[in-house]
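Below: the structure, in structure tokens.
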Amino acid sequence: MRYRDENSTLQSHIHSLRIVIGFQLLLIVGLWYGWHQSRNDIRFHIPPDLRSGAVLKLDEVPPPNVYAFAHYIFQQLNHWEENGETDYGKQVFRMAAYLTPEFRQFLTHDLELRGKRGELSGRVRGIQLIPGHGYEERRVDVLDRNTWLVWLDFRIEETVRGMDVKSLDIRYPIRVVRYDVDPEVNPWGLALDGFGGDGPQRLSNEEKAGGS
């Protein structure tokens with residue numbers, strides 16, 4: 001009788017161990033699957049000024065980084081080195097990974113319209129940030145965690161066949177959105193999404209002097 005009781009206890013203990021082992025196996029398989037499905041690349045946006053330190057969160061984009069992105073991409077779009085008739089389209093194509101489909105369509109339509117009017121032939125364009133109008137906190141409006149409105153003040157210089165034809169100071173309100181595409185072609189994870197507010201506006205003398 002005593003032998004039977006001990007044998008029954010052993011069998012019950014072995015059964016319990018099998019349940020525990022089965023549960024651990026399921027847990028291991030679940031952890032392996034989660035690790036296998038996890039992202040291979042994690043994107044961190046490091047602010048340019050770390051003198052006072054920074055607390056970084058995964059996929060959080062600091063406003064200075066948004067400003068730097070908008071400034072660089074928009075400047076590249078408007079760099080026509082030899083002939084706007086060909087350079088404009090080349091720059092839109094080259095920067096395509098940093099533009100939303102809607103903004104690419106807008107630029108393509110603008111290119112076609114200007115081409116029909118003969119505005120691009122032989123035209124060379126360059127834009128530079130107006131001195132004293134660089135990054136400040138007020139130049140980036142955070143609309144939500146995935147959308148920003150960046151205010152860029154650029155000086156546009158244009159020539160046609162060596163003759164100066166345009167020199168303007170323009171404020172561009174540019175929408176920037178989170179754009180999670182292939183990091184190999186767009187490591188920023190951001191894209192220009194067109195103009196916000198009332199669109200580009202020519203700066204007055206007071207605005208140019210005050211930087212606001």
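The values are calculated or read from the model by the stated rules, or taken from the named source; none is laboratory data. Since we're looking at a predicted model, the values are computed, not measured. Here Cβ is always computed from backbone atoms with ideal geometry, including for glycine, and neighbour counts include all displayed protein chains. When the accessible area is computed, the model is the full protein with side chains, heavy atoms only, and any ligands, DNA or RNA have been set aside. Shrake-Rupley method; radii C 1.70, N 1.55, O 1.52, S 1.80 Å.
For the reader, a short list of remarks on this structure follows.
- Computed from phi, the 3J(HN,Hα) profile of the stretch 89-99 under the Karplus parametrisation 6.51, -1.76, 1.60 (θ = phi - 60°) reads x, 4, 5, 5, 5, 5, 9, 4, 5, 10, 10 Hz, with x in place of Gly and Pro.
- Taking packing as the residue-averaged number of other Cβ atoms within 10 angstrom, the listed peptides 123-130, 151-158 run from highest to lowest as 151-158, 123-130.
- 11 Å beta-carbon shell around residue 196, net charge (K/R +1, D/E -1): -2
- Area of residue 180 that stays accessible when all protein chains are in place (1.4 Å probe, Å², to 10): 110
- Spherically averaged projected area in nm², based on the convex hull that wraps the Cα atoms of the stretch 76-159: 6.5
- Rg to Rh, two decimals, where the stretch 157-212 supplies the alpha carbon set and Rh follows Kirkwood: 1.16
- Taken along the Cα-to-beta-carbon direction at a fixed 7 Å, the label points for residue 81 and residue 106 span 2.7 nm.
- Separation of the residue 31 and residue 9 label points, Cα + 7 Å toward Cβ, nm: 3.3
- All-pairs alpha carbon distance profile, the stretch 107-212, 5 Å steps from 0, percent: 2, 11, 15, 18, 19, 16, 13, 5, 1, 0
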